[in-house]
Amino acid sequence: MFGKRWCSCVLAAVMLTLSLPGAGIDRAWVAGSSEEAETSEEWVIRWNGRADPEIIREAEVIRRHTMQDGSEVMLVRPRSGTETERFVEKWSPRARYMHPNFPHRLGEVSGDSLSPHPEPFYYLKRIRAEEAWRLAETQRHPRGLPRPVIVAVVDTGVNLDHPVLKPLLVPGINVRNKKEPPMDEMGHGTGVAGVIAAVWGAFSGQKAEEIGRIMPVKVMENGDDGEIYHTVEGMREAVRRGANIIVLAQGSWTWSELMAEAVREAEAAGVLVVAAAGNAVYGTDGNIVYHRPLYVPAAIGEVLSVGSVRMDGTHEPSSNAGPGLDLAAPGEWIQTAGLFRDIDMDSGTSYAAPQVAGVAAMVWQTKPTLKPAELRRLLCQTADRPNGEDRWDERTGFGVVNAARALKEELKPDLYEPNDRPQEAFPVSTAHELQGWLEPGDSDWYRFSFRHPGTLTLKVTGGDAKFRLTALLPDGKRTEAATDGPVRLTVPAGSVRIGLSARENRKSVAYRLSAEYALLPDPFEPNEAPWQAGNLPATTGNAAWEATLHRAGDEDWYRVRIPENGRFDLEVRPLSPRFDPVITLLPGKNIPGGKVDRGNEGEAEQISISASDPEELIFRVTDYGSASGDEPYRIFLRRREGEGEGFAGREMPSAARTLKDGSRWRVRVDPGADRNWGVVELTEHSTVEWSLFSSEHRLHVEWTLHDSGLRVRDSGSGELTPGKWRTWTRVLPPGRWYLRIRMQSHVSGWYLLHSKVKKLPSRTQ
């Protein structure tokens, strides 16, 4: 949804060297061309105290905020001519933290659901809201709050004139333009507010105003302009204006200390934060690229995170899964308030999260003494899970929210019982802070599952009690340690059981157990400076390596010897959207230096290199936001083969090779499914023809034609018989058109692509 934040930190020598024949980096892959250099990034800076006044010389201050402790938070933009990397290197050591102003996406799903249209407001029965209305009526007085619970919708605003919502609204704020009201111009925030109102019975004749009110907080106009700074500013405004609950149907893949800090502030102020898990990323072929981990802020431990289920109660595949998920709610065909009509319908985790926020308000109205953490635990304790399923998992958390049970039941001191034996270990994740209760002679067991080997750090607190931890590893090894301080364990991939007991336990003990996980350093460490660059084996063909960013701020430097001249593609490919790779290349004998950062989170970065002589390539891999990784990443170095400039390695639209009249590419096919992208720029109506030829093996080809927005406009398939050309022709209007070719083969081989582009005579246009 969001374009890339262009880097402006390329050495001036790069642009000069690019013009040299026989050496250089493809201009398309270098951030910092004259067109891009005018675009500058925005950065969030949290100072330890007052802001350094010198920052004014190097950056434009867009927003600033003073915290309760007197320290300042700023949103700044480096001034024209300031190199971003040098700017960050100078100011980050002086700040408490500093990171980009990450974009925020809305947690809605585009396209239609596969399930049939349901009966109106079916989800209210699924979460037992109708039963809860009757319970709330009997439980509300005299123990209820002196005023209705206020839920702040931090979003695109709310339709202030909607007939159902209007009686429930309290004054809000437009953070982007404080002189304007928080009127919704897009519809997303209105839909979120409508779900809350529906859970309170506003569309069913119930007295919803006795349960709660809705505070519109506008932090974006159209969903494409979301930024983490404005979202956090909206959260803080909601707390200042008396909100009890904040619902965030938005987020980002990227971890943000600014957001984590705002969540902790809200929790300390007695405010519950509810957030959508976010929705999967789909490729242009319709397949899911990423469906884990959770969006931030849903992944933060103090947030009540919500995924979505289908109408039948099973996990909705488009709903993100991962560590930290708490609850689920229906996310298909959700009827709610519309921007241009009283009732509209939509799908996604955006409309699951407000169901949980609405239920939380009902519970808080009848159980006002609960703290935010206790309310989270009660909602998890009373969620519905099918019989026979695990008590928690990464797809639906503790289960589907149950409003009636949440109102009926009282909070248990220990959510995870029975878990007295290793065989009963409760499945949890490192994103949860575990609050339990140990009786004399009792032990509590938890089960963590890890996809990769790593370091697990455990911390236990519980008054003056002394605890002992026991770890059971997948290979049967057993480790014990006293918890006088943090306990660090090296854990393999798989399930690890952790047991907790109190030494000299003569009375009941309440405790908190927190766990942090980090990937292990890769074999190339230490390689945090050019002179420590990890040595990659020399190659004359295709090679691949796997590595990790094992801590925040990790920088991985590599050195690879290219023993002969040729053209190569260097690619860094993430295995998780938590990682937004940046490649920095040091200048060499024939290779100029430069930085490449074109893709968004989870997208590969690639540089095409020409070497006229044997050359040593030294490059760095970092994360755009300096975050640690939750999955390894892969490095590919491919030699280009064939006529002219190769077509190989163009596996993403951002790396598409330009197709012109008469272009001819020789493309390598590896076993399995091989994908390549081309792009054609048309200034007039034209006939575009592409022909494919295989000389060795029979190949199955599938192609899709995409417009500039990467929407599929045409497709086709066929077989390539060895020795015969296969041709397709289309008449296309002016614009940018992408061609995606997918080959299926059981063996390695080659195919030829030949393209023709002819402008149509004006009389036929």
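A count restricted to the range 502-534 and to residues that are in contact with a Lys or Arg (Cβ under 8 Å, 6 or more places away or on another chain) and modelled with pLDDT under 90 stands at 3. Considered as a group, the residues in the range 272-317 that are outside any loop (DSSP other than H, G, I, E, B) and hydroxyl-bearing (Ser, Thr, Tyr) include one that is farthest from Ala260 (Cα to Cα), and that residue is Tyr282. Within the option set Arg376, Arg395, Arg385, being within 28 Å of Pro418 (Cα to Cα), crowded, with 24+ Cβ neighbours inside 10 Å and charged (D, E, K, R) holds for one residue only, Arg376.
So which of Thr704, Thr721 ends up being modelled with pLDDT of 80 or more, loosely packed, with under 14 Cβ neighbours inside 10 Å and assigned by TED's automatic domain parsing to the domain that holds Thr658? Residue meeting the stated conditions: Thr721. Within the range 118-155, the set of residues being in a loop (DSSP other than H, G, I, E, B) and modelled with pLDDT of 95 or more comprises Ile127, Arg128.
Is there a residue being free of Cβ contacts under 8 Å to residues at least 60 places away in the same chain and surrounded by fewer than 24 Cβ atoms within 10 Å (Cβ to Cβ) anywhere in the range 318-334? Steps first, please.
Here is the first cut: in the range 318-334, the ones free of Cβ contacts under 8 Å to residues at least 60 places away in the same chain are 320.
This time we only want the ones that are surrounded by fewer than 24 Cβ atoms within 10 Å (Cβ to Cβ), so: none.
No, the conditions are met nowhere in the range 318-334.
Evaluate the following for Val239: is it under 30 Å from Asp630 (Cβ atoms), of a type in the set (A, V, I, L, M) and surrounded by fewer than 21 Cβ atoms within 10 Å (Cβ to Cβ)? Criteria met by Val239. Here the range 630-652 is the region considered, the condition is being out of contact with any Leu (no Cβ under 9 Å at 6 or more places or on another chain) and charged (D, E, K, R), and the residue that is modelled with the lowest pLDDT is Glu645.
Just one of the numbered conditions (1) at pLDDT below 95; (2) in contact with a Lys or Arg (Cβ under 8 Å, 6 or more places away or on another chain); (3) of a type in the set (S, T, N, Q) is not true of Gln335: (2).
State all residues of the range 336-362 that are among the aliphatic types (A, V, I, L, M), surrounded by fewer than 24 Cβ atoms within 10 Å (Cβ to Cβ) and in contact with a strand residue (DSSP E or B) (Cβ under 9 Å, 6 or more places away or on another chain); if no residue qualifies, say none.
Residues of the range 336-362 among the aliphatic types (A, V, I, L, M): 337, 339, 343, 345, 352-353, 356-357, 359-362.
Filter once more, so that each one left must be surrounded by fewer than 24 Cβ atoms within 10 Å (Cβ to Cβ): 339, 343, 345.
Of everything in the range 336-362, those that are among the aliphatic types (A, V, I, L, M), surrounded by fewer than 24 Cβ atoms within 10 Å (Cβ to Cβ) and in contact with a strand residue (DSSP E or B) (Cβ under 9 Å, 6 or more places away or on another chain) turn out to be Ile343, Met345.
Against the list (1) surrounded by fewer than 20 Cβ atoms within 10 Å (Cβ to Cβ); (2) within 23 Å of Arg488 (Cβ to Cβ); (3) in contact (Cβ under 8 Å) with a residue 12 or more places away in the chain, the condition Leu513 fails is (1). Each residue in the range 261-292 was checked for being modelled with pLDDT of 95 or more and under 17 Å from the mean Cα position of the chain (by Cα), and 4 of them qualify.
A search for C-beta distances below 6 Å between a residue of the range 75-94 that is under 13 Å from Arg46 (Cα atoms) and in contact (Cβ under 8 Å) with a residue 60 or more places away in the chain and any residue that is of a type outside the set (Lys, Arg) and in a helix (DSSP H, G or I), counting only pairs 6+ apart in sequence or on different chains, returns Leu75/Tyr229.
Can you find a residue that is under 17 Å from Met362 (Cα atoms) and of a type in the set (Gly, Ala, Ser) anywhere in the range 171-182?
no
Being acidic (Asp, Glu) and surrounded by 21 or more Cβ atoms within 10 Å (Cβ to Cβ) is a property that holds for Asp444. What number goes with the only condition from (1) within 24 Å of Trp333 (Cα to Cα); (2) part of a loop (DSSP other than H, G, I, E, B) that Gly191 does not pass? Of everything listed in (1) within 24 Å of Trp333 (Cα to Cα); (2) part of a loop (DSSP other than H, G, I, E, B), Gly191 misses just condition (2).
Test Asp414 against the criterion of being without any contact (Cβ under 8 Å) to a residue 40 or more places away in the chain and either in the same structural domain as Val363 (by TED's automatic domain parsing) or crowded, with 19+ Cβ neighbours inside 10 Å (or both), and give yes or no. Yes; evaluated as a whole, the condition is true for this residue. Mind counting the residues in the range 518-534 that are in contact (Cβ under 8 Å) with a residue 60 or more places away in the chain and buried (at least 19 other Cβ atoms within 10 Å of the Cβ)? Looking only at that region, the number is 3. Residues in the range 353-409 that are farther than 20 Å from Pro323 by Cα, among the aliphatic types (A, V, I, L, M) and in a loop (DSSP other than H, G, I, E, B): 1 in all.
This table checks each residue for (1) of a type in the set (Asp, Glu); (2) at pLDDT 80 or above.
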residue: Asp597; (1), (2): yes, yes
residue: Glu601; (1), (2): yes, yes
residue: Ser612; (1), (2): no, no
residue: Glu615; (1), (2): yes, no
residue: Ser654; (1), (2): no, no
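Only one of the numbered conditions (1) modelled with pLDDT of 95 or more; (2) in contact with a Phe, Trp or Tyr (Cβ under 9 Å, 6 or more places away or on another chain); (3) not hydrophobic (A, V, I, L, M, F, W, C) is violated by Pro182, and that is (2). As for the range 471-479, it holds at least one residue that is surrounded by fewer than 19 Cβ atoms within 10 Å (Cβ to Cβ), aliphatic (A, V, I, L, M), part of a loop (DSSP other than H, G, I, E, B) and more than 28 Å from the chain's Cα centre (by Cα). Residues in the range 200-216: is at least one in contact (Cβ under 8 Å) with a residue 40 or more places away in the chain, assigned to a helix (DSSP H, G or I) and among the aliphatic types (A, V, I, L, M)? Within the range 200-216 (the criterion being in contact (Cβ under 8 Å) with a residue 40 or more places away in the chain, assigned to a helix (DSSP H, G or I) and among the aliphatic types (A, V, I, L, M)), the answer is yes, since at least one residue qualifies.
The values are calculated or read from the model by the stated rules, or taken from the named source; none is laboratory data. Computed from a prediction, not measured in an experiment: that's the story for all the values here. Counting neighbours? That spans all protein chains shown, and the Cβs are built from the backbone with ideal geometry, glycine included.
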